[in-house]
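Right, one structure below, let's go through it.
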Amino acid sequence: GSHCDDSIVSSVKIPTIKFTKLFINGEFVDSISGKTFETIDPRTGDVIARIAEGDEEDIDLAVKAARDAFDHGPWPRLPGSERAKIMMKFADLIDQNVEELAALDTIDAGKLFSMGKAMDIPQVAATLRYYAGAADKIHGDVLKMSREFHAYTLREPIGVVGHIIPWNYPSTLLFMKISPALAAGCTMVVKPAEQTPLSALYYAHLAKLAGMPNGVLNVVTGFGPTAGAAVSTHMDIDAISFTGSPEVGRKVMKAAAESNLKVVSLELGGKSPLIIFDDADVDVAAQLALTGILFNKGEICVASSRVYVQEGIYDEVVKKLVEKAKAWVVGDPFDPEVQQGPQVDKKQFERILSYIEHGKREGATLLIGGKPLGGKGYYIEPTIFTDFKEEMLIAKDEIFGPVMALAKFKTIEEAIERANKSRYGLAAGIVTKDLNVANTVSRSIRAGTIWINCYFAFDNDCPFAGYKMSGFGSDFGLDALHKYLHVKSVVTPIYNTPW
Ligand code: ADP
């Protein structure tokens, strides 16, 4: 069972923090104001390091460097194969530093070290390589005009890009955004989340070692309302890619509209349904449902936070879920046996607990969990509510914690209707052996990714784009590369006749 006590910090060696300053134009520099902020270890609540606090002026410097690198530097003008070489070298350097990078995300975000080492960090290198492979295959089309013209399209880099990154996947989400932008030939300013600035600065150092020209990749750490807002309002940023909450996404889009109408793409979370049909294997289904909500302590935008189980196997699934939840291990994320670390910070920890209180008050049944764990640090028990209604806050809002809402359904029509009763539409899961059911539900759910008999099956080649208030614009896949390219039509008469 869960084993949290007052001393849950394991003996794994914590790396010394090497990079704490802003990375602008190829150099690590202090913020202009000289201000710094604390980054906290969620296992203990202790301060890890003080990080340079970038502000509007620092964002402006970073944008100037990126603009200059775009307008006059080699990066957008290099053959794609040359950009690819640098990206490949960057990926190799990441592979050589996997443990240290994984450890940084563990102390900064409370993420499982074993997972970071085996999956998250190697996968960001793979993401870089995927887009490096596309960098020399960017081309337009020859057009068939209706008149006597020759016309073709060019796909040009969109320009200076601002990337605003959240804290739940500091490495994965950073590379999901910068890799296609780098392949496209863009230059960029990255604003990591204030909770998790450590790995982004380390990656900036590796990019420099790999030979990335100055000004191509700038990293400005700092807070959302200051540094983040300065990215969204800047007049010289051409496009912005944001992942975070709907509240902030709305602000970013508004700021983009009110400044220079920069291109915006938003990924704003979800409340993803997992639908388990009567013919499912009970054990497999319960495992998918539990992992679907507890993976990364529920701090994952595609978490299966609403689980619908058909009435024929409902009682059996509930029994299995309780068994499995009791055996789920919460504790120090450096411990290889632990399955769930602490929530990222005090604010999220308190927010999750307040949703749990809401759930109780709204009349959902608390089946298991619901309480904090351990004397210090931000640990929360795996929590399952049953009998939820879509009108309840725990079913409407993205809780971003280890809190599942479970309900029973009778018919496929009822399942589809309830699954779609959400302002979000990021992902959905279906567990059934019946192909007709799987196909019908896949086409009926308004969500950007459908997982049939699996969950979290991400891939560099799978476009990831939300419906409804989950946002718009793809991450991953070649669709994401096109997000950072502008299409230009070039037209000329075939015969030298004036039209
Ligand atoms: P979460 O709720 O997951 O913390 P947020 O949407 O608050 O997500 O934060 C995601 C990212 O957006 C972070 O990098 C944060 O600093 C940034 N951010 C927060 N407020 C703003 C803002 N007003 N303008 C631009 N970026 C912001």
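The values are calculated or read from the model by the stated rules, or taken from the named source; none is laboratory data. None of the values given here were measured: they were computed from a predicted structure. When we count neighbours, we look across all protein chains shown, and the Cβ atoms used for this are built from the backbone with ideal geometry, even at glycine.
Key figures
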| read-out | value |
| --- | --- |
| Residues of the range 243-264 satisfying the condition of being under 26 Å from residue 421 (Cβ atoms) and either more than 10 Å from the ligand (Cβ to nearest atom) or not small (Gly, Ala, Ser) (or both) | 243, 246, 247, 248, 250, 253 |
| Number of the exception - residue 269 against (1) more than 11 Å from the ligand (Cβ to nearest atom); (2) in contact with a Cys (Cβ under 6 Å, 6 or more places away or on another chain); (3) not hydroxyl-bearing (Ser, Thr, Tyr) | (1) |
| Selection count, the range 30-69, where residues are touching a Ser or Thr at 6+ places or on another chain (Cβ under 7 Å) and either among the small types (Gly, Ala, Ser) or in contact (Cβ under 8 Å) with a residue 60 or more places away in the chain (or both) | 11 |
| From 438, 457, residue being free of Cβ contacts under 8 Å to residues at least 12 places away in the same chain, surrounded by fewer than 21 Cβ atoms within 10 Å (Cβ to Cβ) and of a type in the set (A, V, I, L, M) | 457 |
| Some residue of the range 348-371 being surrounded by fewer than 18 Cβ atoms within 10 Å (Cβ to Cβ) and in contact (Cβ under 8 Å) with a residue 60 or more places away in the chain | no |
| Odd one out for residue 374, checked against (1) surrounded by fewer than 24 Cβ atoms within 10 Å (Cβ to Cβ); (2) under 19 Å from residue 340 (Cα atoms); (3) at pLDDT 95 or above | (3) |
| Helices (runs of 4 or more DSSP H) completely within the range 30-126 that count 2 or more residues being in contact with a Phe, Trp or Tyr (Cβ under 7 Å, 6 or more places away or on another chain) and closer than 20 Å to residue 173 by Cα | 98-109 |
| Count - residues of the range 257-290 that are surrounded by fewer than 22 Cβ atoms within 10 Å (Cβ to Cβ) and either aromatic (Phe, Trp, Tyr) or not in a strand (DSSP E or B) (or both) | 12 |
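This table checks each residue for (1) within 10 Å of the ligand (Cβ to nearest atom); (2) in contact with an Asp or Glu (Cβ under 9 Å, 6 or more places away or on another chain).
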{"position": "139", "(1), (2)": "no, no"}
{"position": "154", "(1), (2)": "no, no"}
{"position": "168", "(1), (2)": "yes, yes"}
{"position": "172", "(1), (2)": "no, yes"}
{"position": "194", "(1), (2)": "yes, yes"}
{"position": "226", "(1), (2)": "yes, yes"}
